[in-house]
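To keep things clear, I will list the structure first and then write my remarks on it.
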Amino acid sequence: MLDTLNLDTIDPNSRLPENEPMRQFVFMAKCREILREKEQRLGRPLKASLQAFGCQMSANDVQTLTGIAKQIGFEEADSEEADLVLYNTCTVRENANERIYGRLGHLHSLKKKNPDMVIAISGCMMQEETEIETIKKVYPFVDLVFGTHNVYKFAELLYTVWTTGKMVVDVWKDSPLIVENLPVQRKYPFKTGVNISFGCDNFCTYCIVPYVRGREKSRTPESILEEIRRHADSGAVEIMLLGQNVNSYGKGLETPCSFPELLRRVEEIDGIERIRFMTSHPKDLSDELIQVMKESDKIARHLHLPMQSGSTEILKKMNRRYTKEQYLELAGKVRREIPDMAITTDIIVGFPGETEEDFEDTMDVVRQVRFEGAFTFIYSRRTGTPAAKWEQVPQQVIQPRFDRLLKEVQTIAAEKCALGTGKVEKVLVESLDSHDEKMLSGRLSNNMMVHFPGPSCLIGQMVPVHITEAHGFYYIGEMWKGR
Ligand code: SAH
Ligand code: SF4
């Protein structure tokens, strides 16, 4: 991406521009000079391994960070034996943090073998002061720490690490700034995520996201559409519009634009064949949005609509601002208006104060809506959120509830999956099947995975597939030759 950026035209010693991203382009040029010196000294190319943990937004930030690293001149490493290792972290649940600390020990041993190695940690977990303190005290071999608001500054921060040799920590509490037009390295040439808004204003009482991602701010429709056009021009056929709550897109824009309006404009872009979006908050899902989805040939037949709990009492304590009945009504309306729309959800088990009766309400909604899929989570206590201070449900009560829910969700999902056989549907081919190289793997509009025999040249293309077997959470099929 960003075809126009040519670092060769930028003098690394020129005066630093005040505007971003121009300022960063000079830092990229400076870093490139240092990288070349290092390559000469070591007699080999420098390699980078940048990894995303957590949600699609984290993956998207890594696409930008990788784009910057590539401009600087790093080659992609196929392991962590690299000269730059970056973890873009998640902190939504406690175990996400534990995973990162578990891996840092290994990085330390690699760094002992390669003293030039730079270890960088970024993302949501770094927005928490206690985690920064832990890194400083327990993991002093980490070179760079930054957060979610200054991803665009990566080149500048790396330059500071390289020129000072000290640990650099740069984490901002929040920022009104949105820096556009940074280099982006797409993971797949045929599909990508596009941020439409950042942050969240909803403050669900269990959730740390509003604290680590800051206040909600929307990109202008013009910059979003321009980015999507560039992706389409360079071969993307599917895009996923990303925001913590896409349905409230547009708040605070100088020229108002709602999410359904934005979708209509995205649909007009030639080359884009499939449009996904995530995440829809039930409280803001409008009739207009249902109408736009219904009328569209491009919008995927998949709506992720996190319910979190089926109990009105718990939903109130969660600050979700809808009731059990309102959720059921909304899901029912979507099913009536768009019968082939897959509805998936997120559910938390064991929120503080959850009684057996509350949990039965969750099971009831699961049975009534009959989700095509659900992510189920055990409530994780996040310091700094209101619910962390409330009386917690004991683990031995939560686990059996969680197991029951998972079983129910999987049984229903498998039954729904079985209804798909016999149909012919368009599949976006994503890769070779990891178990059998003669097979391809791709996704249907409703997000279900399909494996079918075919040549690798079809990767990145939309092909019609006859679905022959259902296997609970994936299908087997064959290419449809229009018999
Ligand atoms: N903005 C999205 C969700 C972002 S977090 C939304 O509102 O739907 C993704 C999911 O993680 C949430 O939907 C929720 O189910 C889960 N989650 C968030 N905080 C959690 C916590 N403290 N414990 C367990 N699950 C949590
Ligand atoms: Fe978290 Fe709620 Fe915001 Fe989603 S809407 S990110 S769950 S606070």
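Accessible surface calculations at 1.4 Å, restricted to protein heavy atoms, place segment 1-79 at 53 Å² per residue.
Excluding ligands, DNA and RNA, what is the solvent-accessible area per residue of segment 351-459 at a probe of 1.4 Å, expressed in Å²? Mind showing how you got there, number by number?
On the way: 5600 Å² over 109 residues.
For segment 351-459, the per-residue accessible area is 51 Å².
Report summary: the helix-based calculation at 222 nm, which adds -39500 (n - 2.57) for every DSSP H run with n ≥ 4 and divides by the residues of the chain, gives -11500 deg cm²/dmol. So what is log10(I(q)/I(0)) for the chain at q = 0.10 1/Å, when the Debye sum runs over its Cα atoms only? Summing over Cα pairs of the chain leads to -0.85.
Surface analysis of segment 182-262 yields an accessible area of 36 Å² per residue, using protein heavy atoms and a 1.4 Å probe.
First check a/c for segment 105-234, with a ≥ b ≥ c the square roots of the eigenvalues of its C-alpha gyration tensor; if it is under 1.5, answer rounded, and if not, answer prolate when a/b is larger than b/c or oblate otherwise. Write out the running numbers ahead of the final one.
Values: a/c = 2.22, a/b = 1.40, b/c = 1.58.
It is oblate, given that a/c is not under 1.5 and a/b is not larger than b/c.
Each DSSP beta bridge with both residues in the chain is either parallel or antiparallel, and the antiparallel ones are about 35%.
Of the GluC sites (Glu not before Pro) in segment 372-408, the ones in a loop by DSSP (not H, G, I, E or B) with at most 15 other beta carbons within 10 Å are 391.
Hey, what did segment 98-155 get for relative contact order, percent, Cα under 8 Å, at least 6 apart?
Values: 39 pairs, mean separation 21.0, N = 58.
In percent, rounded to a whole number, it is 36.
Express in nm, to one decimal, how much length is gained between residue 223 and residue 137 on full extension, taking 0.36 nm for each residue of separation and deducting their alpha carbon distance. Can you show the working numbers first?
Working: separation 86, 0.36 × 86 = 30.96 nm, distance 4.13 nm.
Extending this stretch completely gives an extra 26.8 nm.
Between residue 164 and residue 110, the FRET efficiency from the beta-carbon distance, with R0 = 22 Å, is close to 0.50.
Here segment 167-197 is scanned for amide nitrogen atoms under 20 Å from the site 7 Å beyond the Cα of residue 18 along Cα-to-Cβ, giving 176-180. Taking 20 °C and 1.002 mPa s as conditions, segment 17-59 diffuses translationally at an estimated 167 µm²/s according to Stokes-Einstein applied to its Kirkwood radius (Cα pairs).
The portion of the accessible surface of the chain made up by carbon and sulfur, rounded to a whole percent, is 50 (1.4 Å probe; DNA, RNA and ligands excluded).
Each Cα pair under 8 Å and six or more residues apart adds its separation to the average, and for the chain the resulting relative contact order is 10 percent.
Cys residues of the chain that find no other Cys beta carbon under 4.7 Å: 31, 55, 90, 124, 200, 257, 417, 457.
Among residues other than residue 248 with Cβ under 15 Å from its Cβ, the summed charge is +3 (Lys and Arg +1, Asp and Glu -1). Calculate how steeply helix 221-233 sits against the longest principal axis of the alpha-carbon atoms of the chain, using the helix alpha-carbon long axis, and give the answer as 0 to 90 degrees to the nearest 10. It is inclined by approximately 80 degrees.
Classify segment 331-483: rounded, prolate or oblate, from the alpha-carbon gyration tensor (a ≥ b ≥ c, eigenvalue square roots; a/c under 1.5 rounded; otherwise prolate if a/b is larger than b/c)?
Values: a/c = 2.84, a/b = 2.15, b/c = 1.32.
Because a/c hits 1.5 or more and a/b exceeds b/c, segment 331-483 counts as prolate.
Restricting to Cα pairs below 8 Å that are 6+ residues apart, what does the relative contact order work out to for segment 318-425? Please round to a whole percent.
Details: 93 pairs, mean separation 33.8, N = 108.
For segment 318-425, the relative contact order is 31 percent.
On the basis of the beta-carbon distance and an R0 of 41 Å, residue 264 and residue 468 show a calculated FRET efficiency of 0.70. Along the Cα-to-C-beta direction of residue 11, a point sits 7 Å from the Cα; which residues of segment 34-56 have their amide N less than 14 Å from that point? Label zone hits: none.
Between helix 356-369 and the chain there is an angle of about 80 degrees, using the helix long axis and the longest principal axis of the Cα atoms. Taking a straight line from the alpha carbon of residue 283, these lysines sit under 19 Å away, with near neighbours fewer than eight places off in the same chain left out: 217, 251, 316, 317, 324, 333. A straight line joining the Cα centroids of segment 465-482 and segment 302-353 runs 30 Å. The calculated P(r) of segment 228-344, using every Cα pair and 5 Å bins from 0, goes 2, 11, 20, 22, 19, 13, 7, 4, 2, 0 in percent.
When a/c is below 1.5 the answer is rounded, else prolate if a/b is larger than b/c, else oblate, so apply that to segment 117-179 with a ≥ b ≥ c taken from the square roots of the Cα gyration tensor eigenvalues.
Values: a/c = 2.44, a/b = 1.17, b/c = 2.08.
It comes out oblate by the Cα gyration axes.
Shown here for segment 1-45: GluC sites (Glu not before Pro) in loop regions (DSSP other than H, G, I, E, B) with at most 11 other Cβ atoms within 10 Å, namely 18.
The values are calculated or read from the model by the stated rules, or taken from the named source; none is laboratory data. Remember, predicted model here, so these are calculated numbers, not experimental data. Cβ sites come from the backbone with ideal geometry, for glycine too, and all protein chains shown count toward neighbours. Just so you know, the surface numbers come from the protein's heavy atoms only, side chains and all, with ligands and any DNA or RNA stripped out. Shrake-Rupley method; radii C 1.70, N 1.55, O 1.52, S 1.80 Å.
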